[in-house]
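Asker: Take this structure, written in structure tokens, and hold onto it; I'll ask about it next.
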Amino acid sequence: MVNFITFAYYRAACFGTMAAVVVFTCGHDNFGMLWGVLYAVSGLLNLTIAPLVYLSTRGAGSYMLTNQAMGVVCTVLLGYPLWLWYQDHMAAKAVSARDRREAPLHEKEALLGV
């Protein structure tokens, strides 16, 4: 049940934000090529369905291993938005620190509250 909810959220978040991230990161000129690459990679990953079905029906005899594998994949991929947020946060912090270093003395005192 947890994996189902996690995957449902991940799928909505992935397709909802992936196009925006690709456009804003790489520009409108590269969008078509990158979108095609993203779909090609996801299509290739769909080839893992047959081994997962084998593991769940014949290999391991239960869905436990398959659910654990999918849970790990979904959890790792859910961390991507957090990583993007962290990168943005660190970039903003670096800009803020640079602004403090380059500010004239009277502005530095105002920024520091002196």
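The values are calculated or read from the model by the stated rules, or taken from the named source; none is laboratory data. All values derive from a computational prediction rather than experimental measurement. For neighbour counting, all protein chains shown are included, and Cβ atoms are generated from backbone atoms with ideal geometry for every residue, glycine included. What goes into the accessible areas is simple: the full protein's heavy atoms, side chains included, and nothing from ligands, DNA or RNA. Shrake-Rupley method; radii C 1.70, N 1.55, O 1.52, S 1.80 Å.
Asker: With all protein chains present, how much of the accessible area of segment 17-69 (probe radius 1.4 Å) comes from carbon and sulfur, to the nearest whole percent?
Answerer: Here it works out to 71 percent.
Asker: A further question follows. Mind listing the phi-derived Karplus ³J(HN,Hα) values for segment 64-70, rounded to whole Hz, using 6.51, -1.76 and 1.60 with θ = phi - 60°, and x for any glycine or proline?
Answerer: Result, ordered by residue: 4, 5, 5, 5, 5, 5, 5 Hz.
Asker: Tell me, what is the per residue accessible area of segment 23-64 in Å², probe radius 1.4 Å?
Answerer: Values: 3370 Å² over 42 residues.
Result: 80 Å² per residue.
Asker: How far apart, in nanometres, would the label points at Ala94 and Leu44 be if each is projected 7 angstrom from Cα along the Cα-to-Cβ direction?
Answerer: So the label points at Ala94 and Leu44 sit 3.0 nm apart.
Asker: What list of ³J(HN,Hα) values in whole Hz, one per residue of segment 43-54 in order, does the Karplus curve 6.51 cos²θ - 1.76 cosθ + 1.60 (θ = phi - 60°) give from phi, with Gly and Pro shown as x?
Answerer: Calculated HN-Hα couplings, in order: x, 5, 5, 5, 5, 7, 5, 4, x, 5, 5, 4 Hz.
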